[in-house]
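Written below as structure tokens is the structure these notes are about.
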Amino acid sequence: MEKRFARGGQTSRENRMALDDADRELVTSELGREPTPAEAALFENLWSEHCAYRSSRPLLSAFDSGGEQVAIGPGDDAAVVALPIGNEASSADRTDGDAKNGRGDDESAWYVTLGIESHNHPSFVDPYDGAATGVGGIVRDTLSMGAYPIALADCLYFGDFEREHSKYLFEGVVEGISDYANAIGVPTVTGSVAFHPGFEGNPLVNVACVGLLPSDRLVTAVAQDAGNDLVLLGNSTGRDGLGGASFASEDLAEDAETADRPAVQVGDPYSEKLLIEANEALCEEGLVESARDLGAAGLGGASSELVAKGGLGAAIDLGRVHQREPNMAPTEVLLAESQERMCYEVAPENTDRVKEIAERFELGCSVIGRVVEDRYVCTHGSERVVDLPVEFLAEGAPAYDRPADASAVGTPDRDLPSPSLEEAFATVVGSPNTASKEWVYRQYDHEVGLRTRVPPGDDAALLAIREAGSGSGIDLAFAAGAEPNWTACDPYVGAQAIALEVATNLAVKGATPLAAVDCLNGANPERPGTFGAFSNSVSGLADMCEAISVPVVGGNVSLYNDSATGPIPPTPTLSMIGTTDDEAPPTQLHGDGTLLLVGDRAVADEDGSSPPRLGGSEYVLEFGGRDSFPDLPANPSDRLSVLSDLARAEGTLAAHDVSHGGLAVTLAEMVGEDAGLSASIDSAGNTGEASDAAALLFDEVPGRAVIETADPERAREIAADRVSVTEIGTATDDGRLALSVHGEELSFSATSIATLRDVIDDELD
Amino acid sequence: MIAVCQFGGSNCDRDAVAALRDLDFEAERVWYADGLPENADGVVLPGGFSYGDYLRAGAMAARAPISKEVREAADRGTPVLGICNGAQIATESGLVPGAFTTNASARFRCEHVHLRVENEDTPWTAGFDAGDVLTLPIAHGEGRFEISETELATLEAENRVLFRYCDSEGEVTDDANPNGSVGNVAGILGEREHTAVLMPHPERATLPDLGRTDGRTILRGFAEAASG
């Protein structure tokens with residue numbers, strides 16, 4: 001059975017138990033003998049939850065990964081997607097036409113790679129190194145497709161910001177990412193940061209990477225021919241991260257910070273940068289037949305999966321691996337998760353040249369064995385320590401049929417506190433969740449590489465891809481995130497909302513989506529309640545991605561995210577890319593246009609049955625209370641194309657999506673020293689509790705945006721009868737936010753808003 | 001041809017080449033172990049983390065054989081520009097005085113800053129007037145310029161401070177100093193006016209589609225000095 005997902009992370013030691021009885025029985029019966037210690041260790045790691053997706057595999061068929069733009073879908077180190085040629089970028093409907101023609105075969109065609117990884121448990125144990133090595137791993141996944149890494153996104157989730165331990169983890173993770181990503185020269189251009197009590201004892205670090213390559217340089221992890229050499233290139237192998245694929249499948253114990261620290265690898269960005277350069281040279285010279293980076297389960301994982309994918313085998317001499325420490329046992333050499341290493345399949349006539357390139361970039365290089373017709377055999381000296389049918393090893397782990405109980409999710413009665421509107425506004429706009437993340441991205445080099453046209457701090461980053469498209473190139477839009485508040489409130493609808501929200505981030509920059517990858521974070525799957533919530537979050541994400549026609553081309557699953565403080569909320573991080581060939585509007589107001597609220601049913605009253613709701617909102621997180629999650633728009637695809645058309649319309653001066661923190665945060669973020677706004681928000685027809693001021697201002701239903709335009713008539717024509725457009729006021733030149741909401745007045749200066757939004761910087765610097 | 005020296009860990013070498021080529025100058029990356037080409041009539045020491053900055057920023061690269069060749073070229077009059085990590089390499093190898101060390105905040109900072117042009121009579125600043133305020137990106141964790149009081153006095157007396165961090169009005173203030181550099185110094189000349197270093201990144205403010213172009217003038221002045 002083909003795995004949908006590329007094998008998971010680098011160190012995620014999320015399943016530490018030894019090979020269980022059922023698996024040992026199956027292995028013994030298949031082999032006709034007991035496995036050797038090295039073989040047992042291989043099975044234990046490669047058949048772990050983390051590598052083999054045994055609990056989540058049955059859920060993953062829900063994702064639609066097809067699309068004419070998809071060159072390589074799930075199952076390789078990273079997905080590969082073709083960039084549009086010519087003027088297709090802004091074509092709203094890419095199912096028409098025969099766009100495949102002229103792509104794969106055309107030397108002028110360009111591909112992007114997209115991958116995502118979790119590094120959750122290592123980042124709790126050692127936030128600095130855990131996060132740093134997470135970056136390293138996803139970058140190598142990019143290299144192994146033949147691509148040059150051009151951008152990173154980090155989605156980070158911590159416990160309450162007020163807690164000292166959350167701040168310690170937050171600072172360590174950001175510093176780890178900063179030191180590693182900055183040093184290797186890959187800009188970190190987007191991402192998300194969320195604080196929620198559910199992550200108290202188990203933070204999440206999800207890292208996505210985009211790479212770029214000409215289509216004729218594509219490399220895969222499918223071994224090509226028996227007789228080719230297997231070359232291990234990069235750092236030497238030590239005893240670090242032993243059994244790594246297997247500490248990731250167990251809950252974090254209370255003493256994990258001390259007990260598991262030796263299991264977390266230490267990153268070496270200098271070697272990673274040299275590896276990037278060497279990989280570039282190898283791919284430019286066409287010396288690579290196939291490639292796989294060494295992540296979870298080390299050399300054993302990478303080499304066995306490489307040959308399994310090609311329906312071939314391998315003969316490996318473990319004694320030839322360049323080693324950092326003396327007297328390493330064969331199992332240690334096979335399974336160590338030392339960082340910054342790649343496994344290449346090289347035709348024998350090219351092996352000397354590969355060695356020269358390794359030497360030039362001062363990297364270790366060992367010819368460790370050969371691709372053979374069948375069986376996966378490892379020797380150490382005269383001893384044969386592994387001799388296995390390779391497909392059984394790589395693909396033979398049975399999936400678990402976990403009971404899932406989603407009955408805990410119901411529709412809560414509405415019970416909301418009523419702070420004053422002014423207090424609510426100041427609290428929500430000043431919450432660390434919605435506040436400025438400049439403290440974070442200021443520590444990331446987000447401009448190296450000369451592509452960053454829209455930097456972090458915006459709805460989506462835009463990267464100049466001058467190589468692709470026609471004329472001056474195209475822009476690649478890149479966004480990533482999840483809202484744990486939403487999925488904690490309603491795993492299914494909340495996950496749908498996350499997918500719509502990430503797509504809306506792209507749409508307000510005028511971009512059309514190309515593809516997405518997901519990082520599905522969940523708690524212990526052996527408990528039906530948490531597995532039920534996780535399952536629903538997966539379905540919600542898949543269903544919305546299908547509804548908006550965005551193929552989910554790969555991803556990662558991280559389970560067992562539990563700690564002494566309980567399970568995490570299901571957290572389906574989605575990372576999406578899209579393209580545009582138009583100038584994108586800024587989020588900041590210009591100062592003299594008309595303000596339109598697009599897609600807000602409560603305000604437009606196009607559908608009286610969809611009142612604003614505060615379930616899953618920052619408002620409820622801050623003030624307490626209960627409400628159901630708001631109903632999502634019935635026509636999400638129309639929403640996105642209208643928003644994208646509006647963003648690209650000539651009269652549009654600014655555009656910003658409405659999501660976390662609701663309309664309050666959107667409007668606050670659009671105001672600056674030079675431009676303010678005066679607006680009136682009212683429900684047109686609803687009366688009573690559903691339309692009170694707080695609900696109108698703090699409802700977080702996604703798929704909406706505020707547009708400032710010089711040509712409101714044109715905007716109405718674009719929206720036509722597809723999406724509601726309500727004029728709510730005008731931009732001003734006085735740097736103030738003046739709001740009238742359902743009869744209540746609010747007024748804040750740009751300076752006071754900036755002070756509220758500076759909460760993270762104030763607290764940590 | 002302008003040689004952009006790539007050390008292990010350099011990461012702005014491609015960017016420097018792209019920026020110079022956008023100005024229609026010939027530029028090539030040169031791997032440090034290959035040595036400085038004879039036809040190099042200008043040298044860029046680019047940004048990055050040479051040797052991981054594991055010892056001290058720039059210290060290892062300054063001791064590589066190519067750095068001796070760069071010093072000899074500078075002695076012969078070849079223009080040399082050190083940017084960010086390249087500036088650290090240049091101080092470590094004695095091309096310019098002083099040192100760049102850990103930011104006062106102890107954190108990496110990537111943002112856009114204002115710079116005031118202090119001396120308009122150099123190849124680097126010939127396109128500006130003294131007092132002009134530029135906007136350039138910075139991205140460094142070790143950009144705090146440190147130098148002894150007497151050496152600073154010499155630099156100032158010899159008019160060798162090129163740029164100081166300032167606010168949008170051109171006022172040199174503590175608030176406008178992103179890293180705690182002494183005297184808000186962001187860039188200086190070596191003993192000869194054709195050797196210069198700066199912490200900000202002119203190559204990141206050169207390509208017009210990135211929306212900021214103050215770096216063009218600096219790179220053009222350098223490249224014209226090199227080719228002229």
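The values are calculated or read from the model by the stated rules, or taken from the named source; none is laboratory data. Being a predicted model, the structure only gives us computed values, none of them experimental. Don't worry about glycine lacking a Cβ; one is built from the backbone with ideal geometry, like all the others, and counts go over all protein chains shown. In case anyone asks, the SASA skips ligands and DNA or RNA and just uses the protein heavy atoms, side chains included. Shrake-Rupley method; radii C 1.70, N 1.55, O 1.52, S 1.80 Å.
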Open item on the list: Name the residue that is farthest from the other protein chains (Cβ to nearest Cβ), counting only residues in the range B:1-58 that are in contact (Cβ under 8 Å) with a residue 12 or more places away in the chain and aromatic (F, W, Y).
Closed with: B:F25
TODO: Could you identify the single residue in A:D657, A:D638, A:D645 that is outside any helix (DSSP H, G or I) and within 29 Å of the chain's Cα centre (by Cα)?
DONE: A:D657
TODO: Please find, among A:T751, A:T726, A:T732, the residue that is β-branched (V, I, T) and open to solvent by 60 Å² or more (accessible area, probe 1.4 Å).
DONE: A:T751
Open item on the list: All but one of (1) small (G, A, S); (2) in a helix (DSSP H, G or I); (3) open to solvent by 30 Å² or more (accessible area, probe 1.4 Å) hold for A:G311; state the number of the condition that does not hold.
Closed with: (2)
- [ ] Can you give me the ranges of the helices (runs of 4 or more DSSP H) entirely in the range A:697-765 with at least 2 residues that are within 22 Å of A:G591 (Cβ to Cβ) and over 29 Å from the mean Cα position of the chain (by Cα)?
- [x] A:712-719, A:750-757
- [ ] Please go through the range A:422-462 and pick out each residue that is of a type in the set (A, V, I, L, M), over 30 Å from A:A695 (Cβ atoms) and more than 9 Å from chain B (Cβ to nearest Cβ).
- [x] A:V440, A:V454, A:A461, A:L462
TODO: Have a look at B:V30, B:V44 and point out the one that is modelled with pLDDT of 95 or more and either in a helix (DSSP H, G or I) or in contact with a Leu (Cβ under 6 Å, 6 or more places away or on another chain) (or both).
DONE: B:V44
Open item on the list: Would you confirm whether or not the range B:159-177 contains a residue that is open to solvent by 40 Å² or more (accessible area, probe 1.4 Å) and within 24 Å of B:V80 (Cβ to Cβ)?
Closed with: yes
TODO: Mind checking which helices (runs of 4 or more DSSP H) fall wholly inside the range A:324-436 and carry at least 1 residues that are open to solvent by 10 Å² or more (accessible area, probe 1.4 Å) and more than 30 Å from A:E763 (Cβ to Cβ)?
DONE: A:330-335, A:351-360, A:390-395
Task: Identity of the residue in the range B:106-123, touching a Phe, Trp or Tyr at 6+ places or on another chain (Cβ under 7 Å), closer than 21 Å to B:T173 by Cβ and of a type in the set (D, E, K, R), that ends up nearest to the other protein chains (Cβ to nearest Cβ) - done: B:R116
TODO: For the range A:405-413, indicate whether the set of residues that are outside the structural domain of A:S747 (by TED's automatic domain parsing), under 26 Å from A:E501 (Cα atoms), in contact with a strand residue (DSSP E or B) (Cβ under 6 Å, 6 or more places away or on another chain) and of a type in the set (D, E, K, R) is non-empty.
DONE: no
Task: Subset tally (residues that are open to solvent by 10 Å² or more (accessible area, probe 1.4 Å) and either outside any loop (DSSP other than H, G, I, E, B) or without any contact (Cβ under 8 Å) to a residue 40 or more places away in the chain (or both)) for the range A:441-464 - done: 5
TODO: Inspect the range B:169-185 for any residue being within 14 Å of chain A (Cβ to nearest Cβ) and modelled with pLDDT under 95 and give the result as yes or no.
DONE: no
Task: Members of the range B:192-207 that are open to solvent by 10 Å² or more (accessible area, probe 1.4 Å) and either at pLDDT below 95 or away from chain A (no Cβ under 13 Å) (or both) - done: B:R192, B:E193, B:H194
TODO: Tell me which residues, restricted to the range B:59-105, are open to solvent by less than 30 Å² (accessible area, probe 1.4 Å), within 14 Å of chain A (Cβ to nearest Cβ) and either outside any helix (DSSP H, G or I) or free of Cβ contacts under 8 Å to residues at least 60 places away in the same chain (or both).
DONE: B:A59, B:A61, B:A64, B:I83, B:C84, B:Q88, B:N103
